[in-house]
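The values are calculated or read from the model by the stated rules, or taken from the named source; none is laboratory data. On a predicted model such as this, the values are computed, not experimentally measured, just so you know. Backbone-built Cβ (ideal geometry, glycine too); neighbour counts: all protein chains shown. These area figures cover heavy atoms from the full protein model, side chains too; ligands, DNA and RNA do not enter into them. Shrake-Rupley method; radii C 1.70, N 1.55, O 1.52, S 1.80 Å.
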There are 2 protein chains.
Amino acid sequence: MVVEEGRVRAVIESVRPEIDCGRFAIKRTTGEKVVVEADIFADGHDVVSARLLHRHAQNAEWSEVPMEPLVNDRWRGEFAVYELGQYRYTLQAWVDHFGTWQRDLGKRVEAGQEVSVDLLMGAQLVEEAVPRASEADASLLRQYARDLRMETGGAERVRRALSEDLRGLMARYPDRSFATTYSRELAVVVDRERARFSSWYELFPRSTSPKPGGHGSFKDVEARLPYVAELGFDVLYLPPIHPIGRAFRKGRNNSPTSSEGEPGSPWGIGSVQGGHKSVHPQLGTLEDFRHLVVAARAWGLEIALDIAFQSSPDHPYAQAHPGWFRHRPDGTIQYAENPPKKYQDIYPFDFETEQWREMWEELKTVFLFWIDQDVRIFRVDNPHTKPYRFWEWLIGEIKATYPEVILLSEAFTRPKVMYHLAKLGFSQSYTYFTWRNEKRELTEYFTELTRTEVEEFFRPNLWPNTPDILTEQLQQGGSPAFMIRLVLAATLGASYGIYGPAFELMENRPKEPGSEEYLDSEKYEIKDWDIDRADSLRGVIARVNRIRRENLPLQSNRNLRFHPVDNDQLICYSKATDDLFDLILVVVNLDYRWRQSGWVELPLEELGMDPDQTYQLHDLLTDARYLWHGPRNYVELDPHQLPAHVFRIRRRIGKEGETNDYE
Amino acid sequence: MVVEEGRVRAVIESVRPEIDCGRFAIKRTTGEKVVVEADIFADGHDVVSARLLHRHAQNAEWSEVPMEPLVNDRWRGEFAVYELGQYRYTLQAWVDHFGTWQRDLGKRVEAGQEVSVDLLMGAQLVEEAVPRASEADASLLRQYARDLRMETGGAERVRRALSEDLRGLMARYPDRSFATTYSRELAVVVDRERARFSSWYELFPRSTSPKPGGHGSFKDVEARLPYVAELGFDVLYLPPIHPIGRAFRKGRNNSPTSSEGEPGSPWGIGSVQGGHKSVHPQLGTLEDFRHLVVAARAWGLEIALDIAFQSSPDHPYAQAHPGWFRHRPDGTIQYAENPPKKYQDIYPFDFETEQWREMWEELKTVFLFWIDQDVRIFRVDNPHTKPYRFWEWLIGEIKATYPEVILLSEAFTRPKVMYHLAKLGFSQSYTYFTWRNEKRELTEYFTELTRTEVEEFFRPNLWPNTPDILTEQLQQGGSPAFMIRLVLAATLGASYGIYGPAFELMENRPKEPGSEEYLDSEKYEIKDWDIDRADSLRGVIARVNRIRRENLPLQSNRNLRFHPVDNDQLICYSKATDDLFDLILVVVNLDYRWRQSGWVELPLEELGMDPDQTYQLHDLLTDARYLWHGPRNYVELDPHQLPAHVFRIRRRIGKEGETNDYE
């Protein structure tokens, strides 16, 4: 074993955050902090110093911040990220001979020992720092060295030697000849804020026509923008807008055959009219689509497109690139299957084709095409059925040029697969929230998502319903169930979304008992939604989205904490800003049938509250105000009125009279 | 981003064991297993196969064992290590097209679908395997392919296609063209059994003279061998045996000055009579030492030496290599300090010297010298005050040639430093056991040592006392305290040691109240121990060591489990072999003053016991036998009789009449 340099003495290990030994980046949005911790120590008893190094990937130069020891050889440092793209960070540590000398001199002096030789040793260390110092500091250091070498003035020499001023000066010019640099450079992907905080509304453009039974168009969607904006959403997500295949086109209720005039599924992409870069003619033109993108922006809405990498048998790819599909011994192209089920209207791409490289490049151009139309958010359909290497490459390529692009992974699959896709670069991910109804399972799942390493790379996007999923609870629970799921999604997650107008109109008829498919699913037919129905949830949705916009704690997933309630039907959690200044407390009755009551228990001191002082809770849903005192307080919620409280807690903090009451 | 091969689809991550991303090896002894787990999955729904690859570092060829899926994409495989030295392991996974095809075919057949084209696809996969197969298997495969391609005999063809035989044949020749190989090769250091299971006895050779006040010698130690063997130990560890310095020699009770004739501390190494490769003349000659090593072996004892890398001012190194020490501005050599304390009798080596390489090489020859005298176990003094790189290099160099060498790290310091030294290669480590007296702290500490990743690299060696440490409990608790600490050390740890004869003679006088130093410490003077004293603990120590030798569960640290007792003064734990066949249950009264009683609660099923059957507990300390029934049973222990039970549990397992009662 060959050792290049035996005098390197510091050790850096157990660095956090660090995903899979640095294989993957952590995620942040602009303005957020990266707090880095590590075990740092050296042999013996010398003082150790450490710095956190960070830079934007486009800069060659590192910036440095000092790391501070916590306890048990654990150190911490932090930096903030301000620009989109990738950052890098790593650490450096070294034995600090001057720090050791100064600490030991203090002890010797305190013990009344003779220190003249020690002062000479200090002078030597100071002199060695001179060549590393700026011109001005070098002259200060030379003066210190002269002082320490004087043969008279003992007490003053010691005072100078132990001074904070000298400590600070020397700390600026440490001797790092034998410093340890951490073996890995770790990456941060920095996204824009919407990657962290977003409210999605999904609608089928073809169902927006004012004419009953008519085929909606981009122009009709434009007319719907004020409505979506009034609801308070900021992302308007459209299922695929491309020409729909004719071969084996699905009919109503997923029928394997369709009659003439049935519109088919938007996910059956591609026909003689074009493929992934074309617009379904009944929706309008590409120009209409661009117009919609611009019009949406004026309403504070961003259009998100669906990218579903699969082809209908009519897709131009099937003719132009037969090699991208698998062929059966009988010469036919292999359609999608989940044996014994067959999906003859879909040809999956064969990612094991020898032409994979050409196919990857073409699929990349699909994204680039829509980016050219000013789309910057994509919902990716079933990413877990395409190879991981493909996504890592594709997302890397896109974000290298367009770091503002946001990709939502629609992978409802096994947990490790979902997490792996997030690690590869997806900005947001669908979650199991959709099926988590009980307190225990919500608590466990969201603790895992927000209080473990998962939080560093996986940004949950919570959907109470989707065009594919009408949960049992929504089928059975009426408007209380819709409100419960709305409040949970909107307050547990910084990002959430609903499939509307099915959601606000509380569409809840399943295809058949036990099925999560909608009866007369919009996936296979045009729907006439009466968005002005009197019982619509639009009012409460608008209120919830306003609360989200106005309260910082609801805009990130950090600092989610669950609190005990002595009733399993009531769930209670808080979200706070890092400084605890803004504090939101949510209590939800998970039972859509019955009134439930219980005692909530809050860790007041940990929430930054004075346990002896009364605090006011302002229910942002109803505007009611409550005065609470002490950690245990009573709550009662009737699902048929409103199944949740979303409280802003107003309390004194800091100096007398300074409160977080900013209304 | 350039992707070399886009068709690699499997992912391997979260591999365990893996220490610090593979930076360090795990440890095993010959005959032990390495159980490896990993998350393994691919995109989509295809069947995945995985293998665990392993080899001795000296072999170029990998051996392979299949990995089996557990739940949630977790896989497991294992291999055993039989040879000393280093092993490597890694993993491979791939999408198994034949496995996928066979699974899907089964589903299609079950659904009554037409499968003739599918059989042709299977035939193709079988034909592709032919070139990978042995000659005999190739001809079997060709026959299968012909069968599958036949145009008649549908049911028989399907039966052949789905056969276990074909599955097994194909599994032997998988297509690994696009297999994923895990990015790291992980290391296992394989030691001999004594690295895992050892019982140490420390004595000062100079205190073994039969003549009162006389200076003991290696010959006297030889005469003591039957005694140490009777006690049941297998490692006899001697403090440094080298010439002791004269400059600033310490006197009795650590006095900074000594009178003529005082022997000084054995750790003040080096004089005109020699240094680390010489023998203190009063102990005898090198020839005498070699004789001792051989004689000890006949008694089942192995001599362990103390390696303390420091010099007295008289050490030949100080004259021959002044550059290996730090010099002060006044020209003197820097002695050891922990300001304001000064240790003028010790010169530490300056590991930041420019001559570090030459010094490292010389220090290595110290080990090699004693290895040449047939010593294979070393207790390394204060390793945490020398650089980590030095130890990693040194241990690597030594064990490359002498993989049977065992090194015990004497680092009583901060936890992360202790763990790091173990990771660097020390075979065993001193622990905080010495100061852990209460149930909660023993439970927490030993859970950390035995049930976490720490168990993979840190082998605890438990010492109730050392020449430096007489704990408060031993000072105050009389023989009950010594027995409590003995039983805990010998049953909580597969390796433990005592400093004798101080231990068995219950030497418990501190230098002063509040000090852990012995009064009249043997470190600074010759002691006359009356090993035949009537109250000596030699009998119980011999019994405990016999119990350890005869019961496999006490010979490893795995499978230590703590069990509840409703009395905080009683601690209860079990140790079992991996197959649960041998089961030891220990109950200790931690209170050396009072009789304590309580109810022990055992998880019978997890311990492999039938909850409905009575089981017998054989107390191996007293030979008493008890019949217990059910999970909760009563225990009462009087520290003034015997403060512990060490039970062997005898119960029926497996077939009627087959028990683990082998007495």
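Determine whether B:Lys399 is among the charged types (D, E, K, R), facing another protein chain (nearest Cβ under 10 Å), touching a residue at least 60 places away in the same chain (Cβ under 8 Å) and open to solvent by 20 Å² or more (accessible area, probe 1.4 Å).
Details: among the charged types (D, E, K, R): yes; facing another protein chain (nearest Cβ under 10 Å): no; touching a residue at least 60 places away in the same chain (Cβ under 8 Å): yes; open to solvent by 20 Å² or more (accessible area, probe 1.4 Å): yes.
Spelling it out, it is not the case that B:Lys399 is among the charged types (D, E, K, R), facing another protein chain (nearest Cβ under 10 Å), touching a residue at least 60 places away in the same chain (Cβ under 8 Å) and open to solvent by 20 Å² or more (accessible area, probe 1.4 Å).
Please enumerate the residues belonging to the range B:238-273 that are over 27 Å from B:Trp200 (Cβ atoms), out of contact with any strand residue (DSSP E or B) (no Cβ under 8 Å at 6 or more places or on another chain) and not acidic (Asp, Glu).
Selection gives B:Ala247, B:Phe248, B:Arg249, B:Gly251, B:Ser255, B:Pro256, B:Gly261, B:Val272, B:Gln273.
Do we find a residue being farther than 30 Å from B:His215 by Cβ, open to solvent by less than 20 Å² (accessible area, probe 1.4 Å) and of a type outside the set (Asp, Glu) anywhere in the range B:533-543?
Within the range B:533-543, the first condition is being farther than 30 Å from B:His215 by Cβ, and the residues that meet it are B:540, B:543.
If we keep only those that are open to solvent by less than 20 Å² (accessible area, probe 1.4 Å) as well, we get none.
No: zero hits.
Could you please find all residues in the range A:423-449 being within 14 Å of another protein chain (Cβ to nearest Cβ) and farther than 30 Å from A:Val587 by Cβ?
Correct list: A:Lys423, A:Leu424, A:Gly425, A:Phe426.
Within the range B:11-23, does at least one residue satisfy the condition of being under 28 Å from A:Phe349 (Cβ atoms), in contact with a Pro (Cβ under 6 Å, 6 or more places away or on another chain) and open to solvent by 10 Å² or more (accessible area, probe 1.4 Å)?
Kept after step one, since they are under 28 Å from A:Phe349 (Cβ atoms), are these residues of the range B:11-23: B:11-13.
Next cut, in contact with a Pro (Cβ under 6 Å, 6 or more places away or on another chain) only: none.
For the range B:11-23, residues under 28 Å from A:Phe349 (Cβ atoms), in contact with a Pro (Cβ under 6 Å, 6 or more places away or on another chain) and open to solvent by 10 Å² or more (accessible area, probe 1.4 Å): absent.
State whether the residues of the range B:133-149 include one that is farther than 20 Å from B:Ser49 by Cβ, within 14 Å of chain A (Cβ to nearest Cβ), at pLDDT below 95 and open to solvent by 30 Å² or more (accessible area, probe 1.4 Å).
yes
When you check A:Ser116 against the structure, is it in contact with a strand residue (DSSP E or B) (Cβ under 6 Å, 6 or more places away or on another chain) and either open to solvent by 50 Å² or more (accessible area, probe 1.4 Å) or within 13 Å of chain B (Cβ to nearest Cβ) (or both), yes or no?
Working: in contact with a strand residue (DSSP E or B) (Cβ under 6 Å, 6 or more places away or on another chain): no; either open to solvent by 50 Å² or more (accessible area, probe 1.4 Å) or within 13 Å of chain B (Cβ to nearest Cβ) (or both): yes.
For A:Ser116, the condition - in contact with a strand residue (DSSP E or B) (Cβ under 6 Å, 6 or more places away or on another chain) and either open to solvent by 50 Å² or more (accessible area, probe 1.4 Å) or within 13 Å of chain B (Cβ to nearest Cβ) (or both) - is not met.
Restricted to the range A:587-614, and to residues that are in a loop (DSSP other than H, G, I, E, B) and acidic (Asp, Glu), which residue is least open to solvent (accessible area, probe 1.4 Å)? First the steps, then the outcome.
Within the range A:587-614, the subset in a loop (DSSP other than H, G, I, E, B) is A:590-595, A:602-614.
With the extra rule that they be acidic (Asp, Glu), the set shrinks to A:591, A:605-606, A:610, A:612.
Details: A:Asp591: 10, A:Glu605: 140, A:Glu606: 112, A:Asp610: 66, A:Asp612: 126 Å².
Across the range A:587-614, the extreme among qualifying residues is A:Asp591.
Which one of the conditions (1) in a loop (DSSP other than H, G, I, E, B); (2) farther than 21 Å from A:Leu488 by Cβ; (3) open to solvent by 60 Å² or more (accessible area, probe 1.4 Å) does A:Gly630 fail to meet, given that it meets all the rest?
For A:Gly630, the failing item is (3).
Taking the condition of being in a helix (DSSP H, G or I) and in contact with a Pro (Cβ under 6 Å, 6 or more places away or on another chain), how many residues in the range A:392-423 meet it?
From the range A:392-423, those in a helix (DSSP H, G or I) are A:392-401, A:415-423; that's our starting set.
From what is left, the residues that are in contact with a Pro (Cβ under 6 Å, 6 or more places away or on another chain) are A:421.
Going through the range A:392-423 one residue at a time, the tally reaches 1.
Would you point out which residue out of A:Glu448, A:Glu455, A:Glu438 is over 20 Å from A:Ile19 (Cα atoms) and open to solvent by 30 Å² or more (accessible area, probe 1.4 Å)?
On the way: A:Glu448 fails: over 20 Å from A:Ile19 (Cα atoms); A:Glu455 fails: over 20 Å from A:Ile19 (Cα atoms).
Only one candidate passes the filter, namely A:Glu438.
Output yes when any residue across the range B:350-359 is more than 30 Å from B:Leu84 (Cα to Cα), of a type in the set (A, V, I, L, M, F, W, C) and either within 14 Å of chain A (Cβ to nearest Cβ) or in contact with a Cys (Cβ under 7 Å, 6 or more places away or on another chain) (or both), and no when none is.
In the first step, residues of the range B:350-359 are kept if they are more than 30 Å from B:Leu84 (Cα to Cα); the result is B:350-356.
If we keep only those that are of a type in the set (A, V, I, L, M, F, W, C) as well, we get B:351, B:356.
Still in the running and either within 14 Å of chain A (Cβ to nearest Cβ) or in contact with a Cys (Cβ under 7 Å, 6 or more places away or on another chain) (or both): B:351, B:356.
Taking every residue of the range B:350-359 in turn, at least one turns out to be more than 30 Å from B:Leu84 (Cα to Cα), of a type in the set (A, V, I, L, M, F, W, C) and either within 14 Å of chain A (Cβ to nearest Cβ) or in contact with a Cys (Cβ under 7 Å, 6 or more places away or on another chain) (or both).
For the range B:1-10, which positions are open to solvent by 30 Å² or more (accessible area, probe 1.4 Å) and free of Cβ contacts under 8 Å to residues at least 24 places away in the same chain?
Within the range B:1-10, the subset open to solvent by 30 Å² or more (accessible area, probe 1.4 Å) is B:1-2, B:4-5, B:7.
Matches in the range B:1-10: B:Met1, B:Val2, B:Glu4.
I'm checking my understanding of the structure. Among residues of the range B:633-652 that are surrounded by 13 or more Cβ atoms within 10 Å (Cβ to Cβ) and free of Cβ contacts under 8 Å to residues at least 40 places away in the same chain, which one is nearest to B:Val588 (Cα to Cα)?
Residue satisfying both the conditions and the ranking: B:Asn633.
Of everything in the range B:170-186, what is in a loop (DSSP other than H, G, I, E, B), closer than 25 Å to B:Arg16 by Cα and within 11 Å of chain A (Cβ to nearest Cβ)? Give them in sequence order.
Within the range B:170-186, B:Phe178, B:Ser183, B:Arg184 qualify.
Looking only at residues that are open to solvent by 10 Å² or more (accessible area, probe 1.4 Å), over 30 Å from B:Asn338 (Cβ atoms) and not hydroxyl-bearing (Ser, Thr, Tyr) in the range A:29-52, which one is farthest from the other protein chains (Cβ to nearest Cβ)?
It comes out as A:Gly31.
Within the range B:459-493, count every residue that is in contact with a strand residue (DSSP E or B) (Cβ under 8 Å, 6 or more places away or on another chain) and assigned to a loop (DSSP other than H, G, I, E, B).
Residues that pass the stated criteria total 7.
Looking only at the range A:360-379, which residues are in contact with a helix residue (DSSP H, G or I) (Cβ under 8 Å, 6 or more places away or on another chain) and either surrounded by 22 or more Cβ atoms within 10 Å (Cβ to Cβ) or within 9 Å of chain B (Cβ to nearest Cβ) (or both)?
If the condition is that a residue be in contact with a helix residue (DSSP H, G or I) (Cβ under 8 Å, 6 or more places away or on another chain) and either surrounded by 22 or more Cβ atoms within 10 Å (Cβ to Cβ) or within 9 Å of chain B (Cβ to nearest Cβ) (or both), then A:Trp360, A:Phe367, A:Ile377, A:Phe378 are the ones that fit.
Answer with yes or no whether B:Ile584 is within 22 Å of B:Phe446 (Cβ to Cβ), assigned to a helix (DSSP H, G or I) and of a type in the set (A, V, I, L, M).
For B:Ile584, the condition - within 22 Å of B:Phe446 (Cβ to Cβ), assigned to a helix (DSSP H, G or I) and of a type in the set (A, V, I, L, M) - is not met.
Of all residues in the range B:295-347 being within 14 Å of chain A (Cβ to nearest Cβ) and surrounded by 21 or more Cβ atoms within 10 Å (Cβ to Cβ), which is nearest to B:Phe233 (Cα to Cα)?
Step one: of the range B:295-347, the residues within 14 Å of chain A (Cβ to nearest Cβ) are B:309-310, B:323-324, B:326-344, B:346.
Next, only the ones that are surrounded by 21 or more Cβ atoms within 10 Å (Cβ to Cβ) stay: B:310, B:324, B:346.
Details: B:Gln310: 29, B:Trp324: 39, B:Ile346: 32 Å.
Per the stated criteria, the residue is B:Gln310.
Across the range B:247-267, what is the total count of residues that are open to solvent by less than 10 Å² (accessible area, probe 1.4 Å) and of a type in the set (Gly, Ala, Ser)? Full working, then the answer.
Step one: of the range B:247-267, the residues open to solvent by less than 10 Å² (accessible area, probe 1.4 Å) are B:251, B:264, B:266.
Those still in the list that are of a type in the set (Gly, Ala, Ser) too: B:251, B:264.
The number of residues fulfilling the criteria is 2.
Look at B:Val130 and say whether it is in a helix (DSSP H, G or I) and buried (at least 18 other Cβ atoms within 10 Å of the Cβ).
Working: in a helix (DSSP H, G or I): yes; buried (at least 18 other Cβ atoms within 10 Å of the Cβ): no.
Here the answer is no, as B:Val130 does not meet what is asked.
Could you check the range B:218-240 and list, in sequence order, the residues that are within 24 Å of B:Ala494 (Cβ to Cβ), surrounded by fewer than 21 Cβ atoms within 10 Å (Cβ to Cβ) and among the aliphatic types (A, V, I, L, M)?
If the condition is that a residue be within 24 Å of B:Ala494 (Cβ to Cβ), surrounded by fewer than 21 Cβ atoms within 10 Å (Cβ to Cβ) and among the aliphatic types (A, V, I, L, M), then B:Leu225, B:Ala229 are the ones that fit.
Applying the selection to the range B:2-28, what residues are among the hydrophobic types (A, V, I, L, M, F, W, C), within 14 Å of chain A (Cβ to nearest Cβ) and closer than 26 Å to B:Leu421 by Cβ? Lay out the reasoning, then the answer.
So in the range B:2-28, the residues among the hydrophobic types (A, V, I, L, M, F, W, C) come out as B:2-3, B:8, B:10-12, B:15, B:19, B:21, B:24-26.
Okay, now just the ones that are also within 14 Å of chain A (Cβ to nearest Cβ), so B:2-3, B:8, B:10-12, B:15, B:19, B:21, B:24-25.
Listed by number, the residues that qualify are B:Val15, B:Ile19, B:Cys21, B:Phe24, B:Ala25.
Answer yes or no as to whether B:Val228 is at pLDDT 95 or above and assigned to a helix (DSSP H, G or I). Full working, then the answer.
Values: at pLDDT 95 or above: yes; assigned to a helix (DSSP H, G or I): yes.
Spelling it out, B:Val228 is indeed at pLDDT 95 or above and assigned to a helix (DSSP H, G or I).
Which of the following residues is over 29 Å from B:Ser479 (Cα atoms) and among the aliphatic types (A, V, I, L, M): B:Leu620, B:Leu583, B:Leu590, B:Leu602?
Working: B:Leu620 fails: over 29 Å from B:Ser479 (Cα atoms); B:Leu583 fails: over 29 Å from B:Ser479 (Cα atoms); B:Leu590 fails: over 29 Å from B:Ser479 (Cα atoms).
Going through B:Leu620, B:Leu583, B:Leu590, B:Leu602 in turn, the sole match is B:Leu602.
For the range B:280-288, state whether one or more residues are under 30 Å from B:Phe197 (Cβ atoms), open to solvent by 20 Å² or more (accessible area, probe 1.4 Å), more than 14 Å from every other protein chain (Cβ to nearest Cβ) and in a loop (DSSP other than H, G, I, E, B).
No: zero hits.
If we scan the range B:46-69, do we find a residue that is β-branched (Val, Ile, Thr), without any contact (Cβ under 8 Å) to a residue 40 or more places away in the chain and within 23 Å of B:Glu456 (Cβ to Cβ)? Before the answer, list the steps.
Pass one, the range B:46-69, residues β-branched (Val, Ile, Thr): B:47-48, B:65.
Now narrow it down to the ones that are without any contact (Cβ under 8 Å) to a residue 40 or more places away in the chain: B:65.
Next, from what is left, pick out any that are within 23 Å of B:Glu456 (Cβ to Cβ): B:65.
Within the range B:46-69, one or more residues are β-branched (Val, Ile, Thr), without any contact (Cβ under 8 Å) to a residue 40 or more places away in the chain and within 23 Å of B:Glu456 (Cβ to Cβ).
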